Every structure is written in structure tokens, then in C-alpha cells.
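Participant: What follows is a structure written as C-alpha cells; I'll ask about it next.
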Ligand SMILES: Nc1ncnc2c1ncn2[C@@H]1O[C@H](COP(=O)(O)OP(=O)(O)OP(=O)(O)O)[C@@H](O)[C@H]1O
Ligand SMILES: [Mg+2]
């Protein structure tokens, strides 16, 4: 394990993972491997030959239409679903080979999960719900109550410890869900559409809350959402799924600028590029052009810099990285095209 | 279905015509019976003696083997001994039976206060008044001893049933095999009349309180199994997965996640156990169970109306209290306490209860009337009730006498004769045809199996008498129940009020229904029919209301917009949509009637019920079980038929 520290190994690594639902998954799988276009009767292929690596501290957002297999993929990663073929390594360990005790141990120590419809225990109050995973691993009562109190305070539910889920709003219930999933200090955090059951205002608030937590906690996060805005606000990388296949897995900029397939292109066609594209991603090399005047911060999106771009009069504007070093030049006309929505 | 038939251009297959052919055959047999000079061959009229299967002897042999050779007797006796010990303890505490721990009877005031406190805690002051008041009534009316005899059995039996039901329910949920075995057993068990349970128990245990307790336990387990299994299946998948991700082991998942989440359903099961226990304890008077039921039986047989009304009121009150309390418990949702409240502020009911109980103990030392109300000093409403009833009877006597005469001479006897006149072969074929018509050849076979088994048992005539009583009663009940339900569904408040009445009526032990009819009609077939009609009308009213109120409002609005009149709305929109639900009501109505007809048999009918009671009095297990199964099979046959119909209606979009 010592050299793992030097060269980062992926926290999660999927190799050709398949998940087929139906009466005889193995037979269906064999048929599909023989013929790519086979659609075996009575079987649903929820995850189709997926390989991906997720690095420590990375946040991967999984997107796709309803039924594209997002939830199933994540449930395979936590082994709530057994995969049909392939292997999933968590910190180098094949979770398919874990026995029941090993799996329970893994979940108790390494994983947390937040569910779309919360999955709270109705007969326990907020505090006892958060303490549940600690109780499962046999932590003494006083210690786990203490920790659960901390977690509730962290998600802003101080003072509501003795409330029952029924007595709380959707947003507050999901905060309990989040606190519960964090109580065991997991390294890997799964969130399956955590905010989609909430109304837009509360969703926004929860996203901000989430960003705050994310910044504080430095976890490896796999986040499912339907909402592109949400994805853009949060993601390091986005994986786009269709019919169980991962069509593309890449940074938001590259997904928009260089869609790997027609499907991804159509999927991203509707969104406002100016909000996605970062100045740094759009800038070309300096290539000997004159650098004069103030540089734009590369980490911001075109939308963030809209006013400056419109008011600026230079044709080529220098772009700097966080340290102030000039990394490239942005062509203003192109940026304005994108900003005004008539880019080709 | 009709759409499909019309589109289908191939010549109609013979399968479709099978029911009509079979009905034709049945009609031919009946015509032959009517017009052939020498009648039908005897073999078509009734099953030849030689073919009757001696099921009863087989069962008796099996039981003898179980009892004598397997030594099961020892086991059951041991279990009964433990039960008896428990019964003695509760009997000592509740009404001072001279047994260990000899603490003597609790003062009635203490019990009443405790029940009121329980009511308050579970459902507020109304329930407190109801629960407390009931026990005050019992004490004041001098029925303490009998009521406590009855309750002591429930106190012991219900926990056993709940525990057994929980274990079996979990097993059925966990293992498919167990579920596959249990399911048909439960189906039969839930349609076996009460008496069929008593006979084997009498054989193994004898008569008396412990036999009563055992019958009660066995009888009340099935709903607990069902509700436990149902509740566990209903636990949302996400809650379970959240538990899994929290690192719960399978055992932790069951005990900390699944069972607590299924709490509501499991407690509804407990409610049903308690109500079944009460119904059975009252009836167990037939096998020497002392208590309210026995008293009621004696008084009814002696036609002492006033006193039986007193007991009847007590039984009804107890039923309502037990039902409301256990329901309130099931519905009770946890609530948080404000921060920083003292223990006393958080548990006010407990505190007040403790104080009141101490006070009651002290006061009952000073005033013995607060401990026990002797019979001499008890109140009674029997005399005024008797007077009122006498007056009432004199008032309605011309009507009831005429009704009795009319029903017996012009309806009941001709009907009975007609149904007995029918050749059994024709009935069997007609029943199979009905099965075929609603569910294809499979259903035909199912129906034939159920009804054919009754023929094979050799109890055809008795069974037909039961059929005629049930059939006629359900018909009358439908004449009352459907219009009443339709009327009540007309307005929200009326509907709610009627549903509340139905709910209460359904909690009463069936025995209660005999009091008013015996009062009005005396002891004969008409009284039985009337009791059954009242009992069977309740589910009809209830499901009619629920069916009609369950019709989607958009549908009604759409119909309004296309200009339907009230009448058209009812006949073309509401009733067709509500029909599947109403059929469920009919189904329950038939079940209730079957049970009631059998219970009412001691008034003097000549059907299976009378034979069952004879079998009970000589503890003939074989005969008793065969008769019980015959009743169950009738119920199951009707159940199958109506279920198929309701299913088809639902799929056909209510058409
Ligand atoms: N337990 C199951 N049994 C059979 N099929 C399943 C099961 N779970 C999921 N599927 C199927 O697998 C496919 C992918 O489902 P999944 O829930 O992963 O989609 P999703 O992308 O999460 O959709 P959504 O956005 O609606 O949540 C669907 O066609 C679904 O019907
Ligand atoms: Mg999903």
C-alpha cells in the first residue's frame, strides 16, 4: 500500500461491468456479447460493459435519461445489486469476492449513501436516524449520540434532534439522510438524485449546502442527477449514460465542446454553453500575440465574465490561471458568439 | 372481453360455448327430474351411498393415531397445563379466583382507572371516557365476575397468538416454501366456521377455560400471520437499502429496520387478533367457557330478553373499547417532546394514573363498594327493558307474526323443498358452468372440486339447506344493503357516518346479533334468517359506499360535462366502476352469512350447523371437521367465483 500514496490508484475502478435483469441473466449476457445488437426477450440490460476509474477526492456526476441505468450502476458499486459480469475494485479490492461479513464491514467503514426518497426510518427521530449506522456497528450509545448531534449540527438541523421524519419538511428530511450517510465518515459517498424530490428553492439551498460540505470533507463522490445545471455546478467529471452504456466520461467543458457521440451532442444541445465553458478551456495558445491589459481568470465561466467580455474592446484577451500566469488568449468574437447563443 | 370477441373473426371455438352447453345439460337433468315418468336414475339424483367417501372415519383414525400412538396428547396436555397456570394467575388478579398468587381481585375502580388512563394516552379524553365508562358500567351492573372471566382468557390468549403469528408471518415472508404451504392453509382456516375449531380441541383437552383459551389462540392466529407478512412486504425498498448501506446484518435489518417500519400493519394484526379472540371467547361458551358468552347463551335459551340485553350491551361495549384502543395504538405516531421538559411534564398520563390508582386502592379499603359491587346491590335495567320490549313486541306482533307466517309458508319452505328437489348432478354441472363462464376450465375444475367434495362427503342435503339459508339471506341483505349504501354514498357526511356505524357493527361478536331477532321472532328459521340478513348487510353497505366513493372524480366530472342525469350517472358511470369493489362486499357478505348460519344453528335449524353442534356435543372430530370443511369449501367456492368476476371486471375497465 505504500506506493499507493505515491502514484494515486483509483478509489473505484470498474472493469467491463454488466448488469442484466431477468430470469436468466447469464444466458442473455452471452447472447449480447456474441452479437452487439442482440436484445434478449424478457431481460433488461441496465448496465452495459461499463469501465471507469474514479480518483480519490474526485466528484463524478452521472447523468442520463430515466431508465438509462444510473441508479443501477451506483447500486452495483455499493453492491446493493450483484453484477452479472465484470469486476468492481474498491481501493484495489474486488467487492464481488467479499463475503457477507466483509461486505457489511466495507459498508460500515467506507461507504455512505443518500437516497432520492430519503429512506429514513419512520419510527426513529432525527438523532436516532443519524445514529443508525453507528448503532449497527456497535458503537456505545453515548458516543454515537454525540456524533449524531455533531452531524445534525453540520447539516443545519440543530434543535430538531428529537423530531420525527414525519414532522419535518422534505429538505430537512434529506438533510437527515445526508447526516446519516456522513456519520460513519465514509471515504466514498454515493448520492442518488438526492435533491430531485425537493422543490426548486430548497433544491438550490441544498446544493449550496452540499457544495459547502463537499469543500469541507474532501470525499470521493458519485452523484446522480437529471439536472444539468446541478451537474455543472458540482462536477469534476460528468459521465453520460444511455441504455446502460457510458457514452462519455469527461470534464464538463469537454463534454460540451467535444461530444464523443451524436447522443451526447444532442443531450447537451439545449444547455447554455456560456454557463459551462470556462475561459481557460476556450482560450487558444498565445502564439506570439501581444499581451496587454488585465487578464481574465481562467477558472470562471463565460457567463460569470459576461459583462467584462462585452465591455472589453480587445480582439484577443489574455487568460491567466489561479497564480496569475498567462496560459492563453481568448478570441473575444468567439466568446461573444457563445455568450449570445449563436455559436455554430 | 367483448371487444376481443367481436374482432376475432375465426369461428368461435367450442371453449367459449362450454358454459352454455353445460347449463343446457343441467337444465335437461332438471327437466328430466320433472317430467320423466319414473324420474331420473337414482345415481343422478344423489350420490350413491357406495360412493360416499368416509372422510370422517379417516380423520378419526388419523386423530387416534396422533393422540394415542404419537403421544401428542402428552404434548398438548403439557401446553394446556402451562396455559391453565397462566389463566389461573390472571383469574386471581382480575376476579379473585382462589389460586396462586392469591393477591385477590383488583378493585374494579383500579381497573376502570387504568383503562381510562390507557384510553387517554392512546386517543385523548373521548377514548378515556369510553374505556373508563365501560368498566364502570360493568361493575355497576354486577357483571364484573363474568366480564373478567371473559377478559382473562383474552389477556392470556392474545399474546400467544400475536407471538405465534409474528413468527409464522416472518417465516412466510422469508421463505417462499413456507408461504406456499401456509397460504392455502390460511385460506381454509379463515373460512372454517368457529365450531370446527372447537371439536379437535375438546378431544385433546376436554371442555373448560383452557380448552376455550386454546381454541381462541388457534382461531385468532391467521390474521396476525397475514398482517405480519403483508407489513414486511410493504416496507419501502429504500428504507431497507438505507439499512443495508448502514451496515446492518440480516438480523439487524429484520429487528431494527423491517419490523419497526412495519409496525402499523403488525399492530392492525394485533387489533384483529384481539377482536377474533373476543368473538371466539364468547362462542367458546359452547365448550364450557365461563363468562359473558355462557351467561348470554343461557339467558337467550331461557328467552330472558332484558337480562340478555344487559349482557349484550356489555359485550358490545367491550368490543368497541378493545377495537378503538388497539386501533389507536396502531395509528399512534411518535411525537417529539419540546426540549428541557421534566420527566413529569413528558409523562403526565403516567403520573396521574399512578396517583389515581393509589387513591383508588386507599378508597376501596374504606368503601368496599369501590372494590366490588355485590350482585344484590348492582343496578339492573332488565325490568324496564323487558317492559319496553313487551310493549314493542305487542306493537309489532301482528307484523312479525304475519311476516313469520308468510316467510315460512311461502318462501322458506318452498325454497328449501325446491333446492332439495334438485338433482345433485344438475347442481354440480351448473356450478362448474358458472366457474367456466368467469374463469375458463381451471375455474370450472376448482368449483367442481369444492362442491364435488361436499357431495362425496355424503352431507349433500344438509349442505343444500345451508346454501338455501345463506343464499336467501344474502339476497335479502342485498335488497337492503345496496340501496342503503347508494343512498349513503350520496353525501360525504352521510357516507362517513354510515361507515362508522358499519365499522362498529363489524366489531361486535356475531353472537350479539341473535338477541334482537330472538326477541322479535322467537326461536325459529325466520329468526336465523333475520340475524343473518342483518349481519350480512353490513359489508354490502360498506363496500357499496367505498366503491361508489372510490370512483375517480375526473370521471364523474367528465360525465357531468357530457350532460348525464343523476340516474344515468349512477347506472352508467358509478355503479359499473364500483362493481368490482361491491363484489368484494358480496364475497364478505357470503362468508359472514355462512358463519352466522352455523352459529345460529342452536336456535334450531336443520343444516350443517345443527350437525356440527351435534358433533361437538359428542366430540366427534371426524364428523366435525368434515362438516366444517364442507362449510369452508362452500365459502371458498363462492370466494373463487366472485374474485374471478371482480378481477375480470377490473381488467375490462369496469364494464
Ligand atoms: N430490480 C430490477 N428488476 C428489473 N429491472 C430493473 C430493476 N432495477 C432496475 N431495472 C431496470 O433497469 C433499467 C435501469 O434502471 P435504473 O433505475 O438504473 O435507471 P435510472 O437511470 O436510475 O432511471 P431514473 O432516472 O428514472 O432513476 C430500467 O429499465 C429499469 O426498468
Ligand atoms: Mg434512478
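Derivation of every value follows stated rules applied to the coordinates shown; laboratory data play no part. For clarity, every value in this text was computed on a predicted model and none was experimentally measured. Note that we place each Cβ from the backbone using ideal geometry, even for glycine, and neighbour counts take in every protein chain shown.
Participant: Label points 7 Å out from Cα along the Cβ direction at residue B:249 and residue A:291: separation in nm?
Facilitator: Going by the 7 Å Cα→Cβ label model, 6.4 nm.
Participant: Please give the helix B:424-457 orientation as an angle from the longest Cα principal axis of chain B, in degrees from 0 to 90, rounded to the nearest 10.
Facilitator: 80
Participant: At q = 0.32 Å⁻¹, what base-10 log of I(q)/I(0) does the Debye formula yield for the range B:548-591 when every alpha carbon is treated as an equal point scatterer in vacuo?
Facilitator: At q = 0.32 Å⁻¹ the computed log10 ratios are -1.10.
Participant: Tell me the relative contact order for chain B as a rounded percent, counting alpha carbon contacts under 8 Å between residues six or more apart. Mind dumping the intermediate values first?
Facilitator: Working: 886 pairs, mean separation 127.0, N = 655.
Across chain B, relative contact order equals 19 percent.
Participant: Could you work out the Rg to Rh ratio of the range B:92-180, with Rh taken as the Kirkwood radius (inverse of the mean 1/r over all Cα pairs)?
Facilitator: 1.16
Participant: Rounded, prolate or oblate: which fits the range B:228-373, taking a ≥ b ≥ c as square roots of the Cα gyration tensor eigenvalues, rounded meaning a/c under 1.5, else prolate when a/b beats b/c?
Facilitator: It comes out oblate by the Cα gyration axes.
Participant: Indicate, rounded to the nearest 5 percent, the antiparallel portion of the DSSP beta bridges found entirely in the protein assembly as shown.
Facilitator: Once the DSSP bridges in the protein assembly as shown are tallied, antiparallel ones form about 55 percent.
Participant: By count of other Cβ within 10 Å, fewest leading, how are B:176, B:304, A:219 ordered?
Facilitator: By the 10 Å Cβ count, ascending, the order reads B:176, B:304, A:219.
Participant: How big is the Rg/Rh ratio for the range B:459-655, C-alpha atoms only, Rh by Kirkwood, two decimals?
Facilitator: Values: Rg = 18.9 Å, Rh = 18.0 Å.
Over the Cα atoms of the range B:459-655, Rg/Rh equals 1.05.
Participant: If you line up the long axis of helix B:621-651 against the longest principal axis of chain B, both from Cα atoms, how many degrees apart are they, to the nearest 10?
Facilitator: The helix B:621-651 is inclined about 70 degrees to chain B.
Participant: Where the centroid of each part is defined by its Cα atoms, how far is the range A:271-344 from the range A:53-104 in Å?
Facilitator: The range A:271-344 and the range A:53-104 have Cα centres spaced 38 Å from each other.
Participant: For the protein assembly as shown, what does the helix formula give at 222 nm: sum of -39500 (n - 2.57) over DSSP H segments with n ≥ 4, over the residue count, nearest 500 deg cm²/dmol?
Facilitator: -20500 deg cm²/dmol
Participant: Does the range A:1-133 classify as rounded, prolate or oblate by the C-alpha gyration tensor (a ≥ b ≥ c root eigenvalues; a/c under 1.5 gives rounded; else a/b over b/c gives prolate, otherwise oblate)?
Facilitator: Oblate shape, in that a/c is at least 1.5 and b/c is the bigger or equal ratio.
Participant: Taking beta carbons within 10 Å but only from partner chains, what does the mean come to for residues B:232-245? Intermediate results must be reported in sequence, preceding the final value.
Facilitator: Details: counts 0, 0, 0, 0, 6, 4, 8, 7, 2, 7, 14, 5, 9, 19.
For peptide B:232-245, the averaged partner shielding equals 6.
Participant: Would you mind classifying chain A by shape? Square roots of the alpha carbon gyration tensor eigenvalues, ordered a ≥ b ≥ c; an a/c under 1.5 is rounded, otherwise it is prolate if a/b is larger than b/c and oblate if not.
Facilitator: Taking the square roots of the gyration eigenvalues as a ≥ b ≥ c, chain A is oblate.
Participant: Given a Förster distance of 45 angstrom, what is the FRET efficiency for residue B:408 paired with residue B:65, based on the Cβ-Cβ distance and rounded to 0.05?
Facilitator: 0.45
Participant: Go ahead and set up a Gaussian network model of chain A, Cα springs under 10 Å, then flag whichever of A:292, A:321, A:192 fluctuates most.
Facilitator: In the Gaussian network model the winner is A:292.
Participant: Rounded to the nearest 10 degrees, what's the angle between the helix B:14-35 long axis and the longest principal axis of chain B, both from Cα atoms, 0 to 90?
Facilitator: 90
Participant: Using the beta-carbon distance between residue B:350 and residue B:183 and R0 = 35 Å, what value does 1/(1 + (r/R0)^6) give for FRET efficiency, to the nearest 0.05?
Facilitator: With R0 = 35 Å, the Cβ-Cβ based efficiency is 0.25.
Participant: Among B:393, A:188, which comes first, second and so on when ranked by fewest other beta-carbon atoms within 10 Å?
Facilitator: If I rank by nearby Cβ atoms, fewest first, I get B:393, A:188.
Participant: When ranked by the protection proxy of mean other Cβ atoms within 10 Å per residue, highest first, what sequence do the peptides B:139-148, A:37-46, B:549-558 form?
Facilitator: On the way: B:139-148: 21.4, A:37-46: 14.9, B:549-558: 12.7.
Going from most to least packed, we get B:139-148, A:37-46, B:549-558.
Participant: What FRET efficiency would be calculated for the residue pair residue B:367, residue B:99, taking the C-beta separation as r and a Förster radius of 22 Å, to the nearest 0.05?
Facilitator: The value I calculate is 0.25.
Participant: Still on this structure, I have one more. Which of B:336, B:194 has the fewest other C-beta atoms within 10 Å, and how do the rest follow up to the most?
Facilitator: The most exposed by this proxy come first: B:336, B:194.
Participant: What value in Å³ per residue do you get for the convex hull of the alpha-carbon atoms in the range A:274-340?
Facilitator: Spelled out: Cα convex hull of the range A:274-340, divided by residues, is 73 Å³.
Participant: Please compute the contact order of the range B:190-283 in relative form: average sequence separation of alpha-carbon pairs under 8 Å and at least six residues apart, divided by the residue count, as a percent.
Facilitator: 41
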